[in-house]
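Visitor: My questions all concern the structure below.
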Amino acid sequence: MRKENGKTSDALECLLQRIARLTEQGELHTTAIPGLSLFRRTEPTEPVTGMYQPSICLIAQGAKRVKLGDESLVYDAQHYLITSVHLPTVVQITEASPEKPYLGLRLTFDLREVSQLMADSQLPPPRTRESSRGMATGEVTRPLLNAFQRLIDLLNEDEDIPILAPVIQREIIYRLLVGDQGARLRQIATAGSQSQQIARAIEWLKGNFTQPLRIDDLAEQASMSTSTFHHHFRSMTALSPLQYQKQLRLREARRLMLMERLDAATAGFQVGYESPSQFSREYSRLFGAPPLRDITNLRQVAGGKRG
């Protein structure tokens, strides 16, 4: 057991060195491999809102806290974070310094690829019983680290990426499916399952969040009663459908104000709000400040970083 732990530590150190080298010039490195991003931060951060995609996140050094609804998940170099549907979160890097920066990566994946791998393979039974939550932490293993090392090494051989990256990404998905959080992925990728039906409802909400929300219609699409749909939706996302829609609306309004310089009333109207006062009240509740003050603060921070 000690020998295995030593090999895992060695693999983690190799991954750390690769990420450190590739992120020397900045906090974010978007790689030539589709879906793979690398990160570096030299100090802890304040809690910030974010949207997690279906993905796996690994940390080579440091730690991060992710709040999903009222639940907090902490992960570090020994634990990965897996997300199986799009989820609004509050994120905070808790361990980072100039001497030991936070170093991590994110690899997004398509649930259709997960379904295809399940259809093509005779997978062993999952290690743990099924769980309905769409986000969880799992234990990092040496085979998983080795696969990520080989994926990152492809960045030195650009001509190999189109052929070999999909093969290694498929291996990573396999490692997740047979790992301690594999049941979570299998549920959502299984055609006709309640989890997949909820995942489809989430996709619909993402594309139609400006429209009035009719829970009965969504439940009918998912072939569930309204109460059953509501229960399973909250189990997966830690939010009600209405809360989920509200988060999507407010995040898009924030983007419109920040990037397209819309005023608060126009941004609120574009994302589906009819009442400016309600928009301002709910915006303040999510982001901690009224729209104008929040956007002003964001621009000041961005200006300070550029300077």
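The values are calculated or read from the model by the stated rules, or taken from the named source; none is laboratory data. Because the structure is a prediction, the values reported are computed rather than measured. Cβ: placed from backbone, ideal geometry, glycine included. Neighbour counts: every protein chain shown.
Visitor: For the stretch 275-287, give me each residue that is more than 21 Å from ARG261 (Cβ to Cβ) and among the small types (Gly, Ala, Ser).
Guide: Answer for the stretch 275-287, where residues must be more than 21 Å from ARG261 (Cβ to Cβ) and among the small types (Gly, Ala, Ser): SER275, SER277.
Visitor: Still on this structure, I have one more. Mind telling me which of the residues ALA238, ALA201 ends up being at pLDDT below 95, in contact with a strand residue (DSSP E or B) (Cβ under 6 Å, 6 or more places away or on another chain) and not assigned by TED's automatic domain parsing to the domain that holds LEU111?
Guide: Going through ALA238, ALA201 in turn, just one is at pLDDT below 95, in contact with a strand residue (DSSP E or B) (Cβ under 6 Å, 6 or more places away or on another chain) and not assigned by TED's automatic domain parsing to the domain that holds LEU111: ALA238.
Visitor: Looking at this structure, is ARG133 of a type in the set (Lys, Arg), part of a loop (DSSP other than H, G, I, E, B) and assigned by TED's automatic domain parsing to the domain that holds MET51?
Guide: For ARG133, the condition - of a type in the set (Lys, Arg), part of a loop (DSSP other than H, G, I, E, B) and assigned by TED's automatic domain parsing to the domain that holds MET51 - is met.
Visitor: Within the stretch 282-303, work out how many residues are more than 20 Å from TYR244 (Cβ to Cβ) and part of a helix (DSSP H, G or I).
Guide: Qualifying residue count, the stretch 282-303: 13.
Visitor: So, of the residues in the stretch 21-49 that are out of contact with any helix residue (DSSP H, G or I) (no Cβ under 9 Å at 6 or more places or on another chain) and in a strand (DSSP E or B), which turns out to be nearest to SER84 (Cα to Cα)?
Guide: Once the filter is applied, the top-ranked residue is SER37.
Visitor: May I ask you to list pairs of residues, at least six apart or on different chains, whose Cβ atoms are under 7 Å apart, with the first in the stretch 194-212 being under 16 Å from TYR52 (Cα atoms) and touching a residue at least 40 places away in the same chain (Cβ under 8 Å) and the second being outside any helix (DSSP H, G or I) and of a type in the set (A, V, I, L, M)?
Guide: Close Cβ pairs satisfying both conditions: ALA199/VAL85; ILE202/VAL85.
Visitor: Please go through the stretch 18-28 and give me each residue that is at pLDDT 90 or above and over 20 Å from PRO44 (Cβ atoms), ordered by number.
Guide: Hits for the stretch 18-28 are ARG18, ARG21, LEU22, GLU24.
Visitor: Just to be sure I understand, how many residues within the stretch 264-281 are assigned to a loop (DSSP other than H, G, I, E, B) and in contact with a Pro (Cβ under 7 Å, 6 or more places away or on another chain)?
Guide: Adding up the residues that qualify gives 0.
Visitor: Does PHE269 satisfy being free of Cβ contacts under 8 Å to residues at least 24 places away in the same chain and of a type in the set (Phe, Trp, Tyr)?
Guide: Yes: the conditions hold for PHE269.
Visitor: If only one of VAL66, VAL114, VAL85 is in contact (Cβ under 8 Å) with a residue 60 or more places away in the chain and part of a helix (DSSP H, G or I), which one is it?
Guide: None of the others qualify; the one that does is VAL114.
Visitor: Could you count how many residues in the stretch 256-290 are hydroxyl-bearing (Ser, Thr, Tyr) and under 27 Å from the mean Cα position of the chain (by Cα)?
Guide: Of the residues in the stretch 256-290, 4 are hydroxyl-bearing (Ser, Thr, Tyr) and under 27 Å from the mean Cα position of the chain (by Cα).
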